[in-house]
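Enquirer: The structure that follows is given in the form of structure tokens.
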Amino acid sequence: MSNRNKNKTLPQIHKRSIVAKSGLFKIEQLDLEFSNGEQRVFERMVGSGRGAVMIVPFINEHEFLLIREYSAGTHTYEIGFPKGLIDPGESAEIAANRELKEEVGYGATTLHPLHKMSMAPAFFNSPMAVFIAENLYPEVLPGDEPEPLEVIRWSMDNLDELLAREDFNEARCIAALLLAEKWKRGKNAN
């Protein structure tokens, strides 16, 4: 970030109003005034505000676990990493371990915070904490999925094959995979 943008004053919000609402989110309209006097109306999706987690679970030194689940947005089955919302009162670490148990049937003795990412920050406040999970142990918690999830083991040696799949295309999963690969390289260099 340049020093010029670092010290910018945030726009003043003159009015906020909900213009649409569903079971998942609200669309909020913001009447803004920028520091140079320009006025604009922006719309943004308002999520739960609790945030979410995504986990790259390593079952051993060279293999990680993926899940295959239904994705309503594309009406397809997609492969990705376990993920979910942080429940009220949970830390991101507790939510990550809970989601692991619900989605892949393992808990983790070790969780490494990998990165925080956001999806379309211009339109949506959706922070997601990404974790590496190691030292897994079997433990199952009931989840909220409508059908059992397929758990898939994947080798770090076959990342190009995973990236070439048509059913592995969620940008956050691809980013998490590449960050996990970088993390693994750094860990193995020590």
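The values are calculated or read from the model by the stated rules, or taken from the named source; none is laboratory data. What you are looking at is a predicted structure, and each value in this text was computed from that prediction instead of being measured. Counting neighbours? That spans all protein chains shown, and the Cβs are built from the backbone with ideal geometry, glycine included.
Enquirer: Could you figure out which of (1) closer than 13 Å to Phe64 by Cβ; (2) of a type in the set (D, E, K, R); (3) surrounded by fewer than 17 Cβ atoms within 10 Å (Cβ to Cβ) isn't true of Glu166?
Expert: (1)
Enquirer: Still on this structure, I have one more. Mind listing whichever residues of the range 118-140 are in contact with a His (Cβ under 9 Å, 6 or more places away or on another chain) and farther than 16 Å from Ala92 by Cβ?
Expert: Correct list: Glu134 only.
Enquirer: Taking only the range 49-103 into account, find how many residues are surrounded by 14 or more Cβ atoms within 10 Å (Cβ to Cβ) and touching a helix residue (DSSP H, G or I) at 6+ places or on another chain (Cβ under 9 Å).
Expert: Residues in the range 49-103 being surrounded by 14 or more Cβ atoms within 10 Å (Cβ to Cβ) and touching a helix residue (DSSP H, G or I) at 6+ places or on another chain (Cβ under 9 Å): 25 in total.
Enquirer: Quick check, is Pro113 free of Cβ contacts under 8 Å to residues at least 24 places away in the same chain and either aromatic (Phe, Trp, Tyr) or surrounded by fewer than 17 Cβ atoms within 10 Å (Cβ to Cβ) (or both)?
Expert: Yes.
Enquirer: Determine, yes or no, whether Val151 is within 17 Å of Glu102 (Cβ to Cβ) and crowded, with 16+ Cβ neighbours inside 10 Å.
Expert: yes
Enquirer: Answer yes if at least one residue in the range 125-136 is charged (D, E, K, R), outside any helix (DSSP H, G or I), modelled with pLDDT of 95 or more and touching a Ser or Thr at 6+ places or on another chain (Cβ under 9 Å), and no otherwise.
Expert: Yes: one or more hits.
Enquirer: Inside the range 63-103, counting only strands (runs of 3 or more DSSP E) that do not spill past its ends, which hold 1 or more residues that are in contact (Cβ under 8 Å) with a residue 60 or more places away in the chain, assigned by TED's automatic domain parsing to the domain that holds Asp157 and of a type in the set (Ser, Thr, Tyr)?
Expert: Here the list reads 63-71, 76-80.
Enquirer: Considering each residue of the range 79-115, count those that are at pLDDT below 95 and either closer than 30 Å to Gln29 by Cβ or touching an Asp or Glu at 6+ places or on another chain (Cβ under 9 Å) (or both), and give that number.
Expert: 5
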